[in-house]
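I have placed the structure first, in the form of structure tokens, so that the comments after it can refer back to it.
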């Protein structure tokens, strides 16, 4: 991760990795098998202490198949919600095939 940042000239951005530590399990960014999960976490540092401030835990809530835990970070879905048809009930984003 450090080499990646150096190659791009990101000398004022501290890069961290969850490899070889328990961050993924502690903050729900990976499942029991080690698969990555789409989770966002926000940390704050105040008076020299770093604390977990927010996490997109709606990923784990029962929402009847409506995966909206990351909507505030994906503005496109919010725009679709303002249209008469909305997101629809049978369409969800997927990887290109």
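Given 0.36 nm per residue, what is the gain on full extension from residue 70 to residue 33 after removing their alpha carbon distance, in nm?
On the way: separation 37, 0.36 × 37 = 13.32 nm, distance 2.22 nm.
Value of the extension gain: 11.1 nm.
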Notebook entry, point to check: Using Cα pairs under 8 angstrom and six or more residues apart, how large is the relative contact order of the chain, in percent?
Noted result: 11 percent
Notebook entry, point to check: Hey, what does the equivalent ellipsoid look like for the chain, semi-axes from the Cα gyration tensor as sqrt of 5 times each eigenvalue, largest first, whole Å?
Noted result: 30, 18, 16
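No lab work stands behind these numbers, since they all come straight from the coordinates. In this text the structure is predicted, and so the values were computed from the model without any measurement.
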